[in-house]
Amino acid sequence: MFFDLAEVILGDGMGNLGNDVIESQRAKGLRASGKSAASVRSNVNVAPTQLVGQLWGSVTFTWQQNGRKPNKSGKPSREMVDQVAEWLQIKGLAYSPWAVATNIAKHGIPVPNQHNPGGVLSDPLAAERVKGILGPRLRGAILSELKSFLVKS
């Protein structure tokens, strides 16, 4: 019974944290096409003695959080040039996609920088913040289950 209730609470919490990550991305001005935001998924894995909440999303979130290292070759792939072209079009920027992709491939993108303050993941998913969101609800469920158990005994 407790695990069922805790699974629902954790599932709701993970969904809310996913929305918080999307909002963090938007608030920091890092959202372009919306594809990475649309990729956010949450899940709760149930094992006999534990519940594990998971949050998944596009690799774009990792780049927005940690930056991007240069390519080993220093050359962009065709796919990278196409992705940069789409991004430039969405942003309304009139730069050569090949030139931008080549610059990224050679130099990477450090974070934080003038366009990205960092923290797209670490701000909404900070341990104390997550505990503050999930802790009280889970604590309440545990107390309720314990009271019910004691009354039945």
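All of the numbers you see were taken from the coordinates with simple rules; none came from a lab. None of these values were measured; they are calculated from a predicted model. Please note: Cβ atoms are built from the backbone with ideal geometry, for glycine as well, and neighbour counts cover all protein chains shown.
Just a few scattered comments:
- Matching residues, segment 124-141, being without any contact (Cβ under 8 Å) to a residue 60 or more places away in the chain and either surrounded by 12 or more Cβ atoms within 10 Å (Cβ to Cβ) or charged (D, E, K, R) (or both): ALA126, GLU128, ARG129, LYS131, GLY135, ARG139, GLY140
- Filter result for ARG31 (among the charged types (D, E, K, R) and closer than 19 Å to PRO117 by Cα): yes
- Candidates are the residues of segment 1-35 that are part of a loop (DSSP other than H, G, I, E, B) and either of a type in the set (Ser, Thr, Tyr) or touching a residue at least 40 places away in the same chain (Cβ under 8 Å) (or both); the one that is farthest from GLN89 (Cα to Cα) is MET1.
- Cβ-Cβ distances below 7 Å connect the following pairs, each with a first residue in segment 101-122 that is buried (at least 16 other Cβ atoms within 10 Å of the Cβ), a second residue that is part of a loop (DSSP other than H, G, I, E, B) and among the hydrophobic types (A, V, I, L, M, F, W, C), and a separation of six or more residues or different chains: ASN116/LEU30; GLY118/VAL111; VAL120/LEU30.
- Residue within segment 72-91 that is surrounded by 15 or more Cβ atoms within 10 Å (Cβ to Cβ) and among the hydroxyl-bearing types (Ser, Thr, Tyr) present: no
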